[in-house]
Amino acid sequence: MARVLVTGAAGFIGSHLVEALLARGDTVLGLDNFDPYYDPARKRANLAEVAAHPRAAAFSLVDASVCDRGRLRSVMAEFRPERVAHLAGMAGIRASMEQPHKYYEVNLTGTLNLLDAAREVGAGNFVFASTSSVYGSGLELPFHEDAPADRPLAPYAASKRAAELLGSTYHHLYGIPFTALRFFTVYGPRNRPDMMAFKVVDAILNDRELPLYEGGRMYRDWTYVDNTVAGVLAALERPLGYAVVNLGRGEPVLLLDFVRHLEQLVGRRARFCVMPKPGTDASATHADIGKARQLLGYAPKVGFEAGVERFWRWYQGALLGKN
């Protein structure tokens, strides 16, 4: 059992991680500022589910931003976490073009603030949520952690890559164990409304036209949220010095196939308008997960079809009121 700080605790992945930490007996402090990038009510609904956990009393939440350096230092000094799971950040590849300064303020300076506070309290392990977007495009598939990752396609990806490098610096200077986990297209219950799985179902049910880039001829390494959370848990338990590790399924699926499977589950066809791929997006993502298997014992258990079905069941229950 350990004291674990989870930033972005009210979010999609963060709320699942909090539940998993509680289930294994940890004491968890969550930090979230309920940024209006999407409706904060959805995040509060995530926390309502966390509150139903049998060990919910071992969880507390601070409404604060990683950009508030003074508040962050105070919170860290009081809680004195043994491990940090840093999931907070501005999400959205295309949205980062509109607010690049905010993305850097939160994703890079916010990470700097948290690293400094972790250094001051002697936190034993720092796990950072990075992204497959750092690889950009034009690399050989599957993506391997040794790839240069020096030509990101959007401010979001660049800010995450910069934070990875900052983690290397803090490990070098202060010995903080820092593991950057590169997430690959995570989906599942509590998905953000701007993510593809949610957007497809929402468009089908509301008969709304949705852009389908390249006619769906793009591959993504869809990774069910339980697989991702299992990888984060393993990384929190294993200080690796400084490490960058892919967390994907390792089995890319054509976007059009993903859409067709959702259509079958919903029982209706989607209305799409075919559009060119934005310059911010890669044509394909595919994780080499050999390093994760070796260092973390990572073994993603939930496959594509099972994961999509679980997502649809959640959507029905949480948003359509069907059990």
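The values are calculated or read from the model by the stated rules, or taken from the named source; none is laboratory data. Bear in mind the structure is a predicted one, so any value in this text is a computation, not a measurement. Reconstructed Cβ throughout: ideal geometry from the backbone, glycine too, with neighbour counts over all protein chains shown.
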What strands (runs of 3 or more DSSP E) lie completely within region 206-323 and have 3 or more residues being within 30 Å of LEU166 (Cβ to Cβ) and touching a residue at least 24 places away in the same chain (Cβ under 8 Å)? 242-247
When (1) of a type outside the set (Ser, Thr, Tyr); (2) more than 24 Å from GLN99 (Cβ to Cβ); (3) out of contact with any strand residue (DSSP E or B) (no Cβ under 6 Å at 6 or more places or on another chain); (4) buried (at least 16 other Cβ atoms within 10 Å of the Cβ) are applied to ARG42, the one that fails is (2)
Considering only region 10-26, I want to know if a residue exists there that is at negative phi, among the aromatic types (Phe, Trp, Tyr) and within 12 Å of the chain's Cα centre (by Cα). yes
With a cut-off of at least 1 residues that are among the aromatic types (Phe, Trp, Tyr) and touching a residue at least 12 places away in the same chain (Cβ under 8 Å), name the helices (runs of 4 or more DSSP H) lying wholly within region 30-133. 69-79, 100-104
From (1) under 24 Å from GLU19 (Cβ atoms); (2) out of contact with any Leu (no Cβ under 8 Å at 6 or more places or on another chain), pick out the condition that doesn't hold for GLU251. (1)
Does ARG80 satisfy the criteria of being in contact with a helix residue (DSSP H, G or I) (Cβ under 7 Å, 6 or more places away or on another chain), surrounded by fewer than 16 Cβ atoms within 10 Å (Cβ to Cβ) and at pLDDT 95 or above? yes
Is it the case that region 136-145 has a residue that's in contact with a helix residue (DSSP H, G or I) (Cβ under 8 Å, 6 or more places away or on another chain), of a type in the set (S, T, N, Q) and surrounded by fewer than 23 Cβ atoms within 10 Å (Cβ to Cβ)? no
